[in-house]
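Only the coordinates and a few stated rules stand behind these numbers; no lab work does. Quick caveat, the model's predicted, so the values are computed rather than measured. Note: ideal-geometry Cβ built from the backbone for every residue, glycine included; neighbour counts use all protein chains shown.
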Amino acid sequence: MKYTFFLCAALLLCLNLSAQLTMLPNGGNYKAIVAEQVGLTQVTINYSRPGVKGREGKIWGALIHEGFADLGFGNGKPSPWRAGANENTTIEFSTDVMIEGKPLAAGKYGFFIAYGPAECTVIFSRNSTSWGSFFYEESEDALRVKVKPVSMPSGTETLTYSFIDQNDSSATVALTWEKLRIPFRVSTSLQKIQMASIRAELRSDKGFTAQSYLEAAQYMEQNNIALEEALAYIRSAEFGPKNFRVYMVKADILEKLNKKVAADSALETAVTIGGTTQLHNYARALLNEKMTSKAVAVFKMNYKKNGENFTTNMGMARGLSAEGNYKDALRYAAKALPLAPDAANKTSVEGIIAKLKAGKDINS
């Protein structure tokens, strides 16, 4: 009987130590995950969100201590703020990044802030598994950067991380709470990352399609990088079905490599297999890139190949207008008018004719 009693007691003790019910986090500090793709880099922040809860004016410099302080628990060393509540706030980068212009390797980091009213120190720690900042060790810092806190006109009740001022290769990560924002800039080497991704993916199952090689070559041509490599990729793309876009990209690459004869040959092939709309749209794209002479040449090729129709006449009008030859452009626009496929196009051409008569470029 005694044996049974002690066995039950031991089992209950084990259960108490190992099993707990799932409850809301302590203090109403909600858990949150925010993630954003910056360029090709995934940035993920995992944190708990404390609330102001009527403590306006008592957050910064009071609840959140300035600089580094002894928290009264843990290793007893001066520690920064945990940049959230409860567990360690963490931030993870899928590739190498720059933080305020300083390099940081890909990986997951504990995230801390040493607050100051004029300047904050943002800290990325190699230790991302501790509770809060009670066991913070300066020796584990991967990076520290200094940033300026920004006063906000209105309050934010619950601490929030967000991504602002984003472009293709960078974004500002902003911690906002009460009436203060602490921002830091994350930048990526987009071209370097994209090139590494291209090279890796072309060694996978994606490397068995002409479309993949076309996309790779087109990216390099548009960014004017690794053009010899781009030429090799576009030649791989030629093994697929005859494709207008393949030969246009090939022509562009060869032209940038100063291989004019080969570029002209590729362009001739593209014109031979290209449809009216494909040639017209390509020429318009060239106009948008301010490559007027090349655009006019494609408009003329399209007109010669596909003869009199609404699209080719409008192409000639646009090309001649871009060259400032409004008189001849007007002639082609007038021929396009009765060929307009619908009322909307007819109205558009009438506006173009009026603009040409006034001596204005219809492409601007």
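Some values worked out for this structure:
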item	result
Shape call, region 260-315: gyration tensor on alpha carbons, a/c limit 1.5	oblate
Cross-link table K192/K256; K31/K53; K77/K148; K58/K146, entries beyond 19 Å C-alpha to C-alpha	K192/K256; K77/K148; K58/K146
Simple spin-label estimate for Q42 and S151 in nanometres, 7 Å along Cα-Cβ	4.1
Positive-end extreme of charge dipole, the chain - chosen from I273, N302, T176 (charges on Cβ)	N302
Label-to-label distance, nm, for residues given as K77 and A344 (7 Å Cα→Cβ offset)	6.6
Theoretical gain in end-to-end length, K102 to A69 [0.36 nm per residue, Cα-Cα removed]	9.3 nm
C-alpha center-to-center spacing [region 119-135, region 235-305] in angstrom	55
Three-way shape call for region 46-182 based on the alpha-carbon gyration tensor, with the a/c threshold at 1.5	oblate
Between region 53-118 and region 139-210, the alpha-carbon center distance in angstrom	17
Stretch gain in nm, segment Q191-A297, where the contour uses 0.36 nm per residue and the Cα spacing is subtracted	35.0 nm
Nearest-ten-degree value, helix 190-201 long axis tilted from longest Cα axis of the chain	80
Cα-based helix-to-principal-axis angle, 343-357 vs the chain, degrees rounded to 10	70
Cα centre as origin, Lys/Arg/Asp/Glu Cβ charges: the chain dipole, Debye	880
Fully extended contour minus Cα-Cα distance, from E92 to V34, at 0.36 nm per residue	19.8 nm
In degrees, nearest ten, helix 260-273 long axis to first principal axis of the chain (Cα)	80
Shape parameters for region 191-357, alpha-carbon atoms, Rg then Dmax in Å	18.3, 56
